[in-house]
Amino acid sequence: MSEPESIETCGLRCFGAISASLSHELKNALAIINEHAGLLEDMMLMAGTGRPLDPDRLKLLAGNVMKQVQRADTMIKHMNQFAHSVDVTIACSDLEDALTLAIALNSRTAVMKGGTLVLEPSATPVRITTCPFWVQTLIWRSLNELLERAGADRQLHLCARKTSDGAAIIFSPVDHMLTNIHIPDVLNHLKATQALDIQTRELWIILPADITMNRTD
Amino acid sequence: MAERILLVDDEKDFLDIMSERLKYRGMDVATAGSAREAISKIMSESYDVVVLDLQMQEMDGLEALKVLRMVKPELQVIFLTGHVTLEKGVEAMKLGAMDLMEKPADIAILEDKIRKAHVRKMILVEKQAEARVNEIMLNKGW
């Protein structure tokens, strides 16, 4: 049996996987921009031989380039937001914002696995004091496992919900054969627990309202 | 004779623009937005070269290459991908890819590789035809 993964290794793997996925997508956007520049060059060469330039076509090409720049800029913003999640060990933040970022960071991986991620808006703001980076690691790790087992239900819904003594991240629908997510170290670090509702096919990751309360480490 | 290319990528914008640029260079270009669509096109149409993305949803480029090598062993495959690890690159070459390029690519280099792949395919087809003729000659005893 293989050695259980340490929390440090899990965190590093999360950082590496997300960086690799986003940089790959950035290269795709750059490749499209590069080909547009190349096509403009081709058109200029043809214009030199007497073939007239079509202003509508040029307008369309400029619009395509702008679309890809916007796409790349959004990706970089998400990458930057994720990179800054390690700036502070503990912070008070909205859990739904964390889910929104997680969906942006993990969407490509989900698509590669044949799935899609959908955010279910929460009725009220869900603010908790926790470790932002480890929440992202927890979501990344959970998504990997859930998408692997998603079967025919390829659309995975994520929701943040207030509980009596904290908050929960709810994933649904999960595989009915699922018993738990194998991330004990990350859950312990976040003082979180997991619960499975077989009827509704929901996996709840329950987080405390304030991780610093009765913190032993 | 114009090279018959099948360009396979799950980025539609990339397919549109790259196919237009290759057409400007005198090539006959068809496109597929997924590996499955590419396999289906290859079964029904004849191509000289497949320019294939490595990372695609459902079926990735390496899996597609394995199928292509089985159904059309003479077909030349060039990988054109956003990023490739050394491990994946070696695997692609071992599986029979002719070449591998990273995006964004230099169109002149890609064009050169496609033309070389076309020549290579023609040689392979000629050799296959020669082998078939030799087999017939041997079996019929003429």
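The values are calculated or read from the model by the stated rules, or taken from the named source; none is laboratory data. These figures come from a predicted structure and were not determined experimentally. Counting neighbours? That spans all protein chains shown, and the Cβs are built from the backbone with ideal geometry, glycine included.
If the requirement is being under 25 Å from A:L40 (Cα atoms) and touching a residue at least 40 places away in the same chain (Cβ under 8 Å), which of these qualifies: B:L75, B:L22?
After ruling out the rest, the residue left standing is B:L22.
Just to verify a result, which residue in region A:1-48, among those that are of a type in the set (D, E) and in contact with a helix residue (DSSP H, G or I) (Cβ under 7 Å, 6 or more places away or on another chain), is farthest from the other protein chains (Cβ to nearest Cβ)?
Filtering region A:1-48 for residues that are of a type in the set (D, E) and in contact with a helix residue (DSSP H, G or I) (Cβ under 7 Å, 6 or more places away or on another chain), the one farthest from the other protein chains (Cβ to nearest Cβ) comes out as A:E25.
Taking region B:85-128 on its own, how many of its residues are among the β-branched types (V, I, T) and either in contact (Cβ under 8 Å) with a residue 40 or more places away in the chain or farther than 28 Å from A:G38 by Cβ (or both)?
Selection size over region B:85-128: 5.
Check region B:96-107 and report whether any residue there is within 14 Å of chain A (Cβ to nearest Cβ), modelled with pLDDT under 90 and part of a loop (DSSP other than H, G, I, E, B).
No, the conditions are met nowhere in region B:96-107.
Residues that are in a helix (DSSP H, G or I), basic (K, R) and either at the interface with chain B (Cβ under 9 Å from one of its Cβ atoms) or under 30 Å from A:P184 (Cα atoms) (or both): does region A:51-59 have at least one?
No; the residues of region A:51-59 include none that is in a helix (DSSP H, G or I), basic (K, R) and either at the interface with chain B (Cβ under 9 Å from one of its Cβ atoms) or under 30 Å from A:P184 (Cα atoms) (or both).
What is the number of the single condition among (1) in contact with a helix residue (DSSP H, G or I) (Cβ under 6 Å, 6 or more places away or on another chain); (2) at pLDDT below 95 that A:R51 does not meet?
Status for A:R51: all satisfied but (1).
Could you say whether any residue in region A:70-88 is in a helix (DSSP H, G or I) and touching a His at 6+ places or on another chain (Cβ under 9 Å)?
no
State which residue is surrounded by the most Cβ atoms within 10 Å (Cβ to Cβ) when the search covers only region A:67-83 and only residues that are more than 14 Å from every other protein chain (Cβ to nearest Cβ) and touching a residue at least 40 places away in the same chain (Cβ under 8 Å).
Per the stated criteria, the residue is A:F82.
Could you say which residue among A:E25, A:E35, A:E8, A:E41 is acidic (D, E) and loosely packed, with under 12 Cβ neighbours inside 10 Å?
It is A:E8.
Tell me the strands (runs of 3 or more DSSP E) entirely within region A:98-217 that contain at least 2 residues that are within 14 Å of chain B (Cβ to nearest Cβ).
A:116-120
Identify all residues within region B:71-95 that are assigned to a loop (DSSP other than H, G, I, E, B) and within 13 Å of the chain's Cα centre (by Cα); write none if there are none.
Of everything in region B:71-95, those that are assigned to a loop (DSSP other than H, G, I, E, B) and within 13 Å of the chain's Cα centre (by Cα) turn out to be B:K72, B:P73, B:E74, B:L75, B:L95.
Looking at region B:15-36, is at least one residue farther than 27 Å from A:L39 by Cα and either within 14 Å of chain A (Cβ to nearest Cβ) or modelled with pLDDT of 95 or more (or both)?
For region B:15-36, residues farther than 27 Å from A:L39 by Cα and either within 14 Å of chain A (Cβ to nearest Cβ) or modelled with pLDDT of 95 or more (or both): present.
Determine whether region B:63-70 contains at least one residue that is part of a helix (DSSP H, G or I) and either under 28 Å from A:L60 (Cα atoms) or within 13 Å of chain A (Cβ to nearest Cβ) (or both).
yes
Taking only pairs six or more apart or across chains, which ones have beta-carbon atoms under 8 Å, a first residue in region A:3-19 that is at pLDDT 90 or above, and a second residue that is outside any helix (DSSP H, G or I)?
Filtered contacts from region A:3-19: A:C10/A:I183; A:R13/A:E5.
How many residues, within region B:37-62, are more than 14 Å from chain A (Cβ to nearest Cβ) and in a loop (DSSP other than H, G, I, E, B)?
4
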